[in-house]
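In what follows, a structure is listed as structure tokens, so that the remarks can point back to it.
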Amino acid sequence: MSDSLHFWKTTSGHSYRELVRVREGQGNAAYGQQERVLTALIRSEQRRLDRPLSVLEFGCGFGQHATYLSQLSHVRYHGYDISESMTEPLRLEPPASLRPVEERIFCGDDPLTAVGARRFDVVFSVSTLVHNPSERITALLETMGQLVLPGGLLVLVENPLMPTSVWDPACHPGSWLHAFADLLPEGWDLHHGPGLVETNDVYVLKRHAGQGRRYFQLLGPEAPRDESQPLTLEALHARAMPRLLEWAARANKSMTAPVASSEAKVVELTERLAAESERFARRQRLQGLSDDLARLRASRAPFPDAPTPHAAPPHSVPGFILNASLDTRWSAELPQFSKLMHVFHQDWHGIRAAAGYLPGQKLAITSERVLDERELRAAIELVERSGCRQVILHGYSSNARDFVVLLRRVLGASVRILALWHGSSAQFHYSFELDCFAQLIDLRRRGVIDALATVKPGMHLLAPEVFPKTVLNLPPRLSEAERIAPTRRLTRAALIPTPNDWRKNFFTNLFACQASSRIDDIYVTASYRLPDVMKSRRRIHQVARPSRTELFDLVRRCDIVLNASLSECQPMTGLEALALRVPCIYGPLSLGELDSHPFQKLAQVSGVDSVEVVAAAIERMVALRERSPGELTEMMVDYERALTFEAIKVLEEFVQS
């Protein structure tokens, strides 16, 4: 025990984080499986309790699980560890969702003293108890149990089930394989989940009112505990016997060839040395960023009609924002994307919304001025500390190019860099747009980015480097309380949230609303001039550019949203209206099988520049809402389900391409 305690108290969390990063890069799938299981378990418990959840990780280390669990909505993460050295990265550089860190991360030899009076809905450990001898496990479980609120869960992601506890020094000093079924304290249920993680079994423990111990088969991380299948202790022992035989074979080999144990330690030390060397080299590349940036900007070709960025004034606000509430509040929560970072521009509102609703972490950079060396260095360090293994760049600018080129030079192959283009070929009459897309293709050919995709179908025909499938935008994640009910009375109002330019077709949408007998009030966010002879008796309300929350409120006030534009790439206003259960009229999107969905067929119009066609679409949609609101809502719910399923499937393919 003293060797193990000394090992963890003196191990650097920075170095161990690097070691985990190397293992993930080499294809170790266990870390991702642990994330999926823990996220599913916590979400399941959240649904059961129907309230925010307080969670404690017992043995949090450098924050492998803190990063993604602390970002789950309505989850308040806390961490405890015996080693200040291991928790140093988490305490010095906590995610924004963990601040103030002194109230969330605890260190000390005694967990009850370190945590104080706090108690939690879920207490969990991941490969922590294996570093304690078996004679301490029952007492440790009792201690952990004291930290669990009445009715809460104790979750162990630990060694695979064993019929008896054995010492296994194959990796760190003092590693044990525990027989958790035998070491379970009295008065507890144990739900055993094998096969959910390659290197671990999952044990869900819960106190019961009676005496003795009870055992169950865990059907899955999201399955209710009361649906688990009862097991006997003998059945668990029989299930565990193959693991004991595997251990016996390893132990026999170690005793007949003692050098094997030394070789295992040499392998581990070599692995740690390689990880630490790469960490040092990366720090050197980061410090040398100044020369790289100067060369990069000296070689940049100017765009003829590009907007001129402003130089950063002294003491300016940093040019990036990590995981802002605007970018995470409505995003999809899927554990398989917890190591994905979306990078986009703060000032490009539609693309920012599209990136914000996708699952993963978010980094918003400015396009209004040139990012300086200090800001770029800090942004790269943020990506490194986040633990993200993939980065998707949304849109393109000179700042974006500097960022991805330097990110590749500093982090090398340890991060996968992708780009998602949100434009269309119709915009290429602007040489700026055409040159930006061409530069992305060039970056793909030179290996600076690993994959390039678009949200407009058929763009792969322009260059073979483009991912052949269309990446789909997602609607925002909303609760049922945030959506309008199908029984709500009609307001006879319409919203046109588009700018006034030829592509967005503002005036056709406006005149169609004026021509509709079902619309009395029209809300617009654009500036425009309308001659008196062309004005109608409809009330037009011009509102300043709304914030995201204000836009949602505007949509809720209306019966319909108008976005019948001449050239479109999956309009975000349509997806936001869909999530709020307000229909939107828009032009053809060419989304394959989704175009044949009844709601899509109802919402899309082909003659978008015809006032008559758009007005007729308004009449059809509002008439259906008036005649059969439940039917329309059902169509929208089904379309959102189909769209989300396809969007997640394509996103997974793109990230792994």
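What the table shows:
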read-out	value
Failed criterion for Gln211 (all others in (1) in a loop (DSSP other than H, G, I, E, B); (2) out of contact with any helix residue (DSSP H, G or I) (no Cβ under 9 Å at 6 or more places or on another chain); (3) crowded, with 17+ Cβ neighbours inside 10 Å hold)	(3)
Output for segment 419-446, where each listed residue is under 20 Å from Arg352 (Cα atoms) and either buried (at least 21 other Cβ atoms within 10 Å of the Cβ) or in contact with a helix residue (DSSP H, G or I) (Cβ under 9 Å, 6 or more places away or on another chain) (or both)	Ala419, Leu420, Trp421, His422, Gly423, Ser424, Gln427, Glu433, Cys436, Phe437, Leu440
Wholly within segment 1-78, helices (runs of 4 or more DSSP H) carrying at least 2 residues that are surrounded by 20 or more Cβ atoms within 10 Å (Cβ to Cβ) and of a type outside the set (A, V, I, L, M)	13-25, 30-49, 66-69
Any strands (runs of 3 or more DSSP E) falling wholly within segment 394-511 and containing at least 1 residues that are farther than 24 Å from Phe654 by Cα and touching a residue at least 40 places away in the same chain (Cβ under 8 Å)	493-496
Members of segment 471-488 found to be of a type in the set (Lys, Arg) and over 17 Å from Ser325 (Cα atoms), listed by number	Arg483, Arg488
Any hit, segment 537-550, residues being under 14 Å from Asn509 (Cα atoms) and of a type in the set (Gly, Ala, Ser)	no
Some residue of segment 171-179 being at pLDDT 95 or above and closer than 18 Å to Phe58 by Cα	no
Set Ala29, Ala66, Ala96: member being over 20 Å from Leu322 (Cβ atoms) and not basic (Lys, Arg)	Ala29
Residue ID - nearest to Gly13 (Cα to Cα), chosen from residues in segment 82-125 that are among the β-branched types (Val, Ile, Thr) and out of contact with any Gly (no Cβ under 8 Å at 6 or more places or on another chain)	Val101
Helices (runs of 4 or more DSSP H) within segment 522-635 that include 2 or more residues of a type in the set (Val, Ile, Thr), in contact with a strand residue (DSSP E or B) (Cβ under 7 Å, 6 or more places away or on another chain) and more than 30 Å from His429 (Cα to Cα)	611-627
Only listed residue being surrounded by fewer than 21 Cβ atoms within 10 Å (Cβ to Cβ), of a type in the set (A, V, I, L, M, F, W, C) and closer than 26 Å to Arg352 by Cβ, chosen from Leu566, Leu575	Leu566
Test: residue in segment 618-630 that is under 30 Å from Lys339 (Cβ atoms) and without any contact (Cβ under 8 Å) to a residue 60 or more places away in the chain	no
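Residues checked against (1) β-branched (Val, Ile, Thr); (2) assigned by TED's automatic domain parsing to the domain that holds Glu631; (3) closer than 22 Å to Ser628 by Cβ:
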| site | (1), (2), (3) |
| --- | --- |
| Ser567 | no, yes, no |
| Gln570 | no, yes, no |
| Ala579 | no, yes, yes |
| Val582 | yes, yes, yes |
| Leu591 | no, yes, no |
| Leu602 | no, yes, yes |
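The values are calculated or read from the model by the stated rules, or taken from the named source; none is laboratory data. From a predicted model like this one, the values you see are computed outputs, not experimental measurements. Glycine gets a Cβ as well: all are built from the backbone with ideal geometry, and neighbour counts include every protein chain shown.
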